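Read the structure below first, then the notes.
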Amino acid sequence: MPRGILFLISAPSGAGKTSLVDAMLENASSGSGAHKDSKLCVSISHTTRPKRPGEEDGKNYHFVTEDQFQQLRKENAFLESAEVFGNLYGTSRLWVEEQLEKGWDVILEIDWQGASQVQTLLPDAVSIYILPPSLETLHERLTNRGQDDKEVIEKRMAEAVNEISHFAQADFIVINEVFDNALEDLEAVIRSAKLSRKHQLIANEVLLNGLLS
């Protein structure tokens, strides 16, 4: 069984990253959409951030205390970890490696700093950056989702300019202007990565060798 592919998906807050990933996972599990592979999963990060309304521990995040997080960090349990808006986030190294070895493609929803850390350790990871069509649209989306007060929104907007400047580090860029179009683009990236020469040499080793014999 070929090793799965690790996809690093980054975006400024409010660009629609989570909504796009959720829709892609739903398509994959139901056999619809451009990416019909059921072996696609998303990593659930550990975080010290408080739960938002509707979030569940173990589904949206593994919610832990700062002491618990720091202990995991000391144990080298994270593939990457970072502080974002005063909260700590980390990705389980063991869980990700286990899924990849089982042939699952793994999605990490991650900021640009974390993506850089992961690519240093796993250079075969495919990085994708999701961008809004404009800063005005980004501000409108942050406001309309009703999760943060005005002060937090302005802080996120200020940080967004810095975050957006790192899109040049990504392998692929998806502009989320029209949601359905952006979803198709994201699915196309996942599909194309699985058709790369390197991945096909492993996935279809017997077939390719037979063609050369």
Next item on the list: Being over 19 Å from the mean Cα position of the chain (by Cα) and without any contact (Cβ under 8 Å) to a residue 24 or more places away in the chain is the filter; apply it to region 113-138 and report the residue that is nearest to M157 (Cα to Cα).
Entry: E136
Next item on the list: Scan region 41-71 residue by residue and report those that are within 30 Å of P2 (Cβ to Cβ) and either without any contact (Cβ under 8 Å) to a residue 60 or more places away in the chain or in a strand (DSSP E or B) (or both).
Entry: C41, V42, I44, H46, G58, K59, N60, Y61, H62
Item checked: Odd one out for A160 among (1) closer than 30 Å to K102 by Cβ; (2) surrounded by 11 or more Cβ atoms within 10 Å (Cβ to Cβ); (3) not aromatic (F, W, Y) -> (1)
Next item on the list: Return yes when I128 is aliphatic (A, V, I, L, M), under 27 Å from A188 (Cα atoms), outside any loop (DSSP other than H, G, I, E, B) and touching a Phe, Trp or Tyr at 6+ places or on another chain (Cβ under 6 Å) and no when it is not.
Entry: yes
Margin query: Take the residues in region 175-200 that are among the hydrophobic types (A, V, I, L, M, F, W, C) and surrounded by fewer than 17 Cβ atoms within 10 Å (Cβ to Cβ); name whichever of them is farthest from M24 (Cα to Cα).
Written below: L195
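Would you mind stating whether A82 is under 16 Å from the mean Cα position of the chain (by Cα), in a helix (DSSP H, G or I) and farther than 25 Å from N144 by Cβ?
Details: under 16 Å from the mean Cα position of the chain (by Cα): yes; in a helix (DSSP H, G or I): no; farther than 25 Å from N144 by Cβ: yes.
No, not satisfied.
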Notebook entry, point to check: Filtering region 102-156 down to residues that are among the polar types (S, T, N, Q) and farther than 22 Å from N87 by Cβ, which residue is surrounded by the most Cβ atoms within 10 Å (Cβ to Cβ)?
Noted result: S127
Check: Mind checking which residues of region 139-152 are touching a residue at least 24 places away in the same chain (Cβ under 8 Å), of a type in the set (D, E, K, R) and part of a helix (DSSP H, G or I)?
Finding: R141
Note to self: Taking the condition of being touching a Lys or Arg at 6+ places or on another chain (Cβ under 7 Å), in contact (Cβ under 8 Å) with a residue 60 or more places away in the chain and under 14 Å from L122 (Cα atoms), how many residues in region 75-104 meet it?
What the structure shows: 2
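Each reported figure results from applying straightforward, stated rules to the coordinates on display, with no laboratory input. Since we're looking at a predicted model, the values are computed, not measured. So basically every Cβ, Gly included, is an ideal-geometry build from the backbone, and we count neighbours across all protein chains shown.
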